[in-house]
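Notes follow the structure.
The values are calculated or read from the model by the stated rules, or taken from the named source; none is laboratory data. What you are looking at is a predicted structure, and each value in this text was computed from that prediction instead of being measured. With ideal geometry, Cβ positions are generated from the backbone for all residues, glycine too; neighbour counts draw on all protein chains shown. These accessible areas exclude ligands, DNA and RNA; they are computed on the full protein's heavy atoms, side chains included. Shrake-Rupley method; radii C 1.70, N 1.55, O 1.52, S 1.80 Å.
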Amino acid sequence: MNSAVRYTLRAVQPAAHLFEVTLHLAEPDPAGQVFSLPAWIPGSYMIREFAKNIVSLSAKAGGKPVEAYKRDKHTWQLPAGVTGPVALTYTVYAWDLSVRTAHLDSTHGFFNGTSVFLCAHGCEHLPHRVDIRPPAGLEDAGWRVATSLPEAMGEAGAAERYGFGLYAAENYDALIDHPVEMGRFSLAEFDACGVPHAVAITGRHDCDMARLVEDLQPICEAQIRLFGEPAPMARYVFLVMAVGDGYGGLEHRASTALLCSRADLPHVGMEAPSDGYRQFLGLCSHEYFHTWNVKRIKPAAFVPYDLRHENYTRLLWAFEGFTSYYDDLLLVRSGRIAAKDYLGLLGKTISQVHKGSGRRKQSVAESSFEAWTKYYRQDENSPNAIVSYYTKGALVGLLLDLRLRAESRGATSLDGLMRALWQRHGQTGVGVAEDGLFALAAEFGGVELGAWLREVVEGTGELPLQAWLQRFGVTLTWEAASESPGIGVRTSADGDQLKLANVYDGGSAQAAGLSAGDVLVALDGIRVGAGNFDKLLARRLAGDRVEIHAFRRDELMSFDVALRAAPADVAKLSLADDASGPARALREGWLGA
């Protein structure tokens, strides 16, 4: 296919963490072909400057060297008058073990297309091909390739499933939306509603692959049926990197890249899921739900993406928040966890929102818009200044679902609203307007509901969780995290030192003048360390005053601090034994259990 933009990619120096990529373009722009690398990756709303990892770059036209001069931080241009074919060869440093960029060593290679594939301007709409070649020096190491990127069937050099060779994408946007894992990974396959699925796990682990498939399959099927068959992808791949301690995920149109602690994976003989495994299943569920919500149902601001700079929307509370609402809910609906376990997870979400005073200062609409500068760039004052559009957005989704169900006596729900979004936006490619969710809520539940949703999303008032949960036979109570008094801080251990990570608004530490970054030295003359601070506080009563010595920079300071009772900010949810028949019916419709 001569009109295609073609790439060759190889791990040329795994020990030095270097990929080499050659971009072949048959007909460059005679006015001066422009190439650029994205500045961010969809799903992670932060400018990451991927071009900083390009180590070297050179260009040839007709086999002869030509200049490729750099126009800005991530853009290169060839001189006017250069004719094809053009080959641009560059090396990419890949040593970020995350789901967002690229990582390469002698054990495996992983990359997102946004980190390695320069975009040929004016050619984005053309078919793209990439020839993924075996790693240099490791050709006989038994590496395979796991990706949802389709093989270039019928073309010379086409890859076989899980093999090196030629892969195909219909355009540049598709090319960069299929991450690639290469190495010696564990592999399991299953079908969900007739769609082939695969799980590839890299890293040392003892995962019970059969158990994992047994749990993932019903979760995937529940989601496909929620939106309606057929599923929008022909095949789906879970790419999992198992490490000693890690957590993260990033969605793509037909796959997800996941980072997890190996201890969170199921092991042979496991009966009830551990907390870590429940968390991992919730992560898988979250990223899989994005196959519909944000990868295909998108804010209008993302249609199309402009990967050169920030794309602002006030709707992440729906695209990330509603996804966070459904991730654990679909675990209980698919029978993977019990209702009481789901309520425990929901209680943690409620507690996370309630603990930060930022919820009184920033709305979820503002949190969405400011994701680029505040949520993804958090500092020591963030709990006092911002609210998460993930967690509070999940609670907005919960309340909207409960209201729709209760006020229609179970005739409608957030499920129906999500299906409407899928039919009107996901299947048409039309982006959701900034006020589109309010209008849709009004359509489903009346004008008053649309106005209420706008008030909740754009306001900072407390959410009426208790009243609405009660109508479903669920009791919400609040408890203190500890019986011991506290000073309103979060600490972090730095070796033998105990440092204040956060000082919360309204707490006695803030009132006394302590600040984030202070290193605690002593409490009432007793040396303080990571192992004894809480124990020292436990021997005192609320209302007592203590003297705390701390270093700020290299200056020793003394603070007179009043101890206060731990706040009742831990949410506990339980099924009400005396719930009425209608409440039980609503609850069963909601939880599916």
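How about segment 22-39: which of its residues are under 18 Å from Asp173 (Cα atoms) and in contact with a Phe, Trp or Tyr (Cβ under 8 Å, 6 or more places away or on another chain)? Within segment 22-39, Leu23, His24, Val34, Phe35, Ser36, Leu37, Pro38, Ala39 meet the criteria. If only residues of segment 137-151 that are part of a loop (DSSP other than H, G, I, E, B) and among the small types (Gly, Ala, Ser) are counted, the one that is nearest to Cys119 (Cα to Cα) is Ser148.
Restricted to segment 491-520, and to residues there that are out of contact with any strand residue (DSSP E or B) (no Cβ under 6 Å at 6 or more places or on another chain) and open to solvent by 60 Å² or more (accessible area, probe 1.4 Å), the residue that is farthest from Leu563 (Cα to Cα) is Gly495. Contact annotation: residue pairs with Cβ atoms under 8 Å, 6 or more positions apart or on different chains, pairing a residue in segment 117-142 that is over 19 Å from Leu25 (Cα atoms) and among the small types (Gly, Ala, Ser) with a partner that is assigned to a strand (DSSP E or B) and open to solvent by less than 50 Å² (accessible area, probe 1.4 Å), are Ala136/Ala11; Ala136/Val12.
So is Asp569 in contact with a Phe, Trp or Tyr (Cβ under 8 Å, 6 or more places away or on another chain) and open to solvent by less than 60 Å² (accessible area, probe 1.4 Å) or not? I'd like the intermediate steps shown before the answer.
Values: in contact with a Phe, Trp or Tyr (Cβ under 8 Å, 6 or more places away or on another chain): yes; open to solvent by less than 60 Å² (accessible area, probe 1.4 Å): yes.
The answer is yes for Asp569.
Taken as a whole, the structure leaves Leu523 outside the set of residues that are touching a Gly at 6+ places or on another chain (Cβ under 9 Å), free of Cβ contacts under 8 Å to residues at least 60 places away in the same chain and open to solvent by less than 40 Å² (accessible area, probe 1.4 Å).
Against the definition (farther than 21 Å from Gly358 by Cα, open to solvent by less than 50 Å² (accessible area, probe 1.4 Å) and in a loop (DSSP other than H, G, I, E, B)), how does Ser484 come out, yes or no? Considered against the rule, which asks whether it is farther than 21 Å from Gly358 by Cα, open to solvent by less than 50 Å² (accessible area, probe 1.4 Å) and in a loop (DSSP other than H, G, I, E, B), Ser484 comes out as yes. Going by what's in this entry, would Gly473 be described as buried (at least 17 other Cβ atoms within 10 Å of the Cβ) and farther than 25 Å from Leu250 by Cβ? For Gly473, the condition - buried (at least 17 other Cβ atoms within 10 Å of the Cβ) and farther than 25 Å from Leu250 by Cβ - is met. Restricting attention to segment 247-281, the residues that are open to solvent by 50 Å² or more (accessible area, probe 1.4 Å), part of a helix (DSSP H, G or I) and of a type in the set (Gly, Ala, Ser) add up to 1.
Step by step: first the residues of segment 154-172, then only those that are in contact with a His (Cβ under 9 Å, 6 or more places away or on another chain) and of a type outside the set (Phe, Trp, Tyr), then the one that is farthest from Pro127 (Cα to Cα). Which residue is that? Before you say what the answer is, go through the steps one by one.
Here is the first cut: in segment 154-172, the residues in contact with a His (Cβ under 9 Å, 6 or more places away or on another chain) are 167-172.
This time we only want the ones that are of a type outside the set (Phe, Trp, Tyr), so: 168-171.
On the way: Ala168: 8, Ala169: 6, Glu170: 5, Asn171: 5 Å.
This residue is Ala168.
Residues in segment 431-447 that are open to solvent by less than 50 Å² (accessible area, probe 1.4 Å) and within 28 Å of the chain's Cα centre (by Cα): Gly431, Val432, Ala433, Gly436, Leu437, Phe438, Leu440, Ala441.
Does any residue of segment 109-121 turn out to be within 30 Å of Thr313 (Cβ to Cβ) and open to solvent by 40 Å² or more (accessible area, probe 1.4 Å)?
For segment 109-121, residues within 30 Å of Thr313 (Cβ to Cβ) and open to solvent by 40 Å² or more (accessible area, probe 1.4 Å): present.
Consider Cys284 carefully, then state whether it is buried (at least 22 other Cβ atoms within 10 Å of the Cβ), touching a strand residue (DSSP E or B) at 6+ places or on another chain (Cβ under 8 Å) and farther than 24 Å from Leu414 by Cα. Taking the combined requirement at face value, the residue does not satisfy it. When Leu138 is tested against (1) modelled with pLDDT of 95 or more; (2) farther than 20 Å from Pro304 by Cβ; (3) open to solvent by 10 Å² or more (accessible area, probe 1.4 Å), just one condition goes unmet, and that condition is (1). Do you know which residues across segment 531-566 are without any contact (Cβ under 8 Å) to a residue 40 or more places away in the chain and open to solvent by 90 Å² or more (accessible area, probe 1.4 Å)? Selection gives Lys535, Arg539, Arg545, Arg553, Asp554, Glu555, Leu556. Inside segment 1-19, residues that are open to solvent by 10 Å² or more (accessible area, probe 1.4 Å) and hydrophobic (A, V, I, L, M, F, W, C) make up a count of 5.
Restricting to segment 214-243, give me the number of residues that are part of a strand (DSSP E or B) and either small (Gly, Ala, Ser) or out of contact with any Cys (no Cβ under 9 Å at 6 or more places or on another chain) (or both). Full working, then the answer.
Step one: of segment 214-243, the residues part of a strand (DSSP E or B) are 236-243.
Now narrow it down to the ones that are either small (Gly, Ala, Ser) or out of contact with any Cys (no Cβ under 9 Å at 6 or more places or on another chain) (or both): 237, 239, 242.
Residues meeting the conditions: 3.
Annotation: Glu310 fulfils all but one of (1) in contact with a Phe, Trp or Tyr (Cβ under 6 Å, 6 or more places away or on another chain); (2) under 29 Å from Leu573 (Cα atoms); (3) surrounded by fewer than 22 Cβ atoms within 10 Å (Cβ to Cβ); the unmet one is (2).
Note on segment 448-467: residues that are part of a helix (DSSP H, G or I), open to solvent by less than 60 Å² (accessible area, probe 1.4 Å) and either charged (D, E, K, R) or within 20 Å of Tyr390 (Cβ to Cβ) (or both) total 4. When Leu104, Leu149 are checked against the criterion of being buried (at least 20 other Cβ atoms within 10 Å of the Cβ), within 23 Å of the chain's Cα centre (by Cα) and free of Cβ contacts under 8 Å to residues at least 60 places away in the same chain, a single residue qualifies: Leu149. Taking the criterion of being assigned to a loop (DSSP other than H, G, I, E, B), modelled with pLDDT of 95 or more and under 32 Å from the mean Cα position of the chain (by Cα), the residues of segment 487-506 that qualify are Gly488, Tyr504, Asp505. Could you tell me whether Ser115 is in a helix (DSSP H, G or I) and touching a helix residue (DSSP H, G or I) at 6+ places or on another chain (Cβ under 6 Å)? So Ser115 fits the description; yes. The single condition among (1) open to solvent by 10 Å² or more (accessible area, probe 1.4 Å); (2) farther than 29 Å from Gly429 by Cα; (3) touching a residue at least 40 places away in the same chain (Cβ under 8 Å) that Ala300 does not satisfy is (2). When segment 1-57 is examined, which residues are found to be touching an Asp or Glu at 6+ places or on another chain (Cβ under 7 Å) and closer than 30 Å to Tyr312 by Cα? Passing the criteria: Ala39, Gly43, Ile47. Listed by first and then second residue, the pairs with beta-carbon distance under 7 Å, at least 6 apart or on different chains, first residue in segment 28-51 and acidic (Asp, Glu), second open to solvent by less than 10 Å² (accessible area, probe 1.4 Å), are Glu49/Ala39.
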